[in-house]
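The values are calculated or read from the model by the stated rules, or taken from the named source; none is laboratory data. Given the structure is predicted, the values throughout are model-derived calculations rather than measurements. Cβ: placed from backbone, ideal geometry, glycine included. Neighbour counts: every protein chain shown.
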Amino acid sequence: MTVTRFAPSPTGYIHVGNLRTALMNFLIARKAGGTFILRIDDTDPERSKEAYVDAIKEDLEWLGLSWDRVERQSLRLERYEAAAQSLRDMGRLYEVFETPVELDLKRKKQLNMGKPPVYDRAGLALSEAEKDALRAERGGYWRFKLDQERIDWSDGIIGDVSIDAASVSDPVLIRADGQMLYTMASVVDDTEMGVTHVVRGADHVTNTATQIQIIQALGGTVPSFAHHSLLTGPQGEALSKRLGTLALRDLRAQGVEPMALLSLMARLGSSDPMELRQEMAELIEGFEIGHFGTAPTKFDVADLGPLTAKYLHGLPYAEVAEEIAALGVPADQAEAFWSVIHENIEVRKDIATWWSLITEGAEPVIDAEDADFVAEALALLPAGELTGESWGLWTAAVKDATGRKGRGLFMPLRKALTGMAHGPDMAALLPLLQVIKARA
């Protein structure tokens, strides 16, 4: 059974960078018919907020990234402590006491000597008396003792990876205040929840190496790891400072369609061409983690506008029927209304804008040099019910009466009736314009 997880921290709103990780794990699980776990990383009680937990779920539901079960790390603290005690008993977890300032001085000294800035394991040499004395003046925290050997794995994106554990500091797993850190909690959860595949950002590669040893020390099965490239801006600039404006809820407020965003993110950075999909099943079927590359991946939020418009243009009437009915569009006009306007909307709220124009009319846009022409043209509007032939008959009559033709004939009339220089085919739109129909 394939089991994946998305483990966001509820300390803020999730953004496109988080989505990249969530989507890949979701697609792997769904393609294999496996389990996708939403695991809330809420071990930090000061920064974690329940409002953000709700927001994370809301954003994932908006995108259609359904989960099979929810886990809360704050409810599993006893499991982490039990694992920590096991590591203590086997001599793999040891207490240390250096302050940040002391560690910084050690690192600078090592660098000046041309050595890698790796923790020197001074904590292992402390006697119990020395530890008691240090505990009296400061809190102790806990590091995992790495076996100083090479750590190898075959990464689903990067390929073969080999890291010398001797070049890595023993990772801190428990803070002085007793809080279990991400590395510890994640390993215990992945092991006990049977996670088989872990996809996350390339900034976790070194962390993965240390986690592999911790998993092995606890007797767990090492999952398959894949590390995707990090997102940059369109010019290759760091995206981190802009992520606040790329929160999923902000994109939703801008009218971005879920499938437009998912279609882009499911292929961004891969060797496969970006293809707009109308349904989640298509994304699942076409997803291959091995097709993604290691180069930084450029993300441009401007790409979402055209994709959203294209997605909406391809929606059949049945997909929007309830939405259109909620606007008050009569049932006998609803499908014709959608047929006329669907290729002229960029976001969903434009549907209401077009219905308002049809029912209430628009503020006419009439250039000074066209004022007399428009007045004469409106007087020639055919009487009676307007049909699909009315526009052609009307403009022919106006052409005969005024001598105007081409753009000089059609554009002033469009702007006078709709207030815009672009829009649907006027022959199809004219019969729907209720204000004009009333005058006819």
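Scanning region 121-154 for residues that are crowded, with 17+ Cβ neighbours inside 10 Å and of a type in the set (D, E, K, R) turns up Arg143, Lys145. Please tell me if Ala397 is surrounded by fewer than 14 Cβ atoms within 10 Å (Cβ to Cβ), without any contact (Cβ under 8 Å) to a residue 40 or more places away in the chain and assigned by TED's automatic domain parsing to the domain that holds Ala336. No: the conditions fail for Ala397.
As for region 84-94, it holds at least one residue that is exposed (fewer than 11 other Cβ atoms within 10 Å of the Cβ) and acidic (Asp, Glu). How many of the residues in region 52-70 are farther than 11 Å from Ile14 by Cα, out of contact with any Pro (no Cβ under 7 Å at 6 or more places or on another chain) and touching a residue at least 24 places away in the same chain (Cβ under 8 Å)? Final tally of qualifying residues: 6.
Here's the yes/no breakdown for (1) assigned to a loop (DSSP other than H, G, I, E, B); (2) touching an Asp or Glu at 6+ places or on another chain (Cβ under 6 Å); (3) more than 23 Å from Ile289 (Cα to Cα):
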position	(1), (2), (3)
Val188	no, no, yes
Gly194	yes, no, no
Gly220	yes, no, yes
Phe225	no, yes, no
Asp250	no, no, yes
Met259	no, no, no
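Only residues that are closer than 28 Å to His197 by Cβ and not charged (D, E, K, R) were counted in region 115-147, giving 2. The set of residues in region 354-375 being surrounded by 12 or more Cβ atoms within 10 Å (Cβ to Cβ) and under 12 Å from Val398 (Cα atoms) consists of Phe373, Val374. Criterion first (touching a helix residue (DSSP H, G or I) at 6+ places or on another chain (Cβ under 9 Å) and buried (at least 19 other Cβ atoms within 10 Å of the Cβ)) does Leu378 satisfy it? For Leu378, the condition - touching a helix residue (DSSP H, G or I) at 6+ places or on another chain (Cβ under 9 Å) and buried (at least 19 other Cβ atoms within 10 Å of the Cβ) - is not met.
Residue selection: Thr4 fails the criterion of being in the same structural domain as Glu288 (by TED's automatic domain parsing), surrounded by fewer than 22 Cβ atoms within 10 Å (Cβ to Cβ) and either in contact (Cβ under 8 Å) with a residue 12 or more places away in the chain or among the aromatic types (Phe, Trp, Tyr) (or both).
Across region 289-303, the number of residues qualifying as in a loop (DSSP other than H, G, I, E, B) and surrounded by 14 or more Cβ atoms within 10 Å (Cβ to Cβ) comes to 3. Is there a residue in region 203-223 that is modelled with pLDDT of 95 or more, acidic (Asp, Glu) and not assigned by TED's automatic domain parsing to the domain that holds Lys349? No, because not a single residue in region 203-223 is modelled with pLDDT of 95 or more, acidic (Asp, Glu) and not assigned by TED's automatic domain parsing to the domain that holds Lys349. Restricting region 224-255 to residues that are of a type in the set (Ser, Thr, Tyr) and surrounded by 14 or more Cβ atoms within 10 Å (Cβ to Cβ) leaves a set whose member that is modelled with the lowest pLDDT is Thr232.
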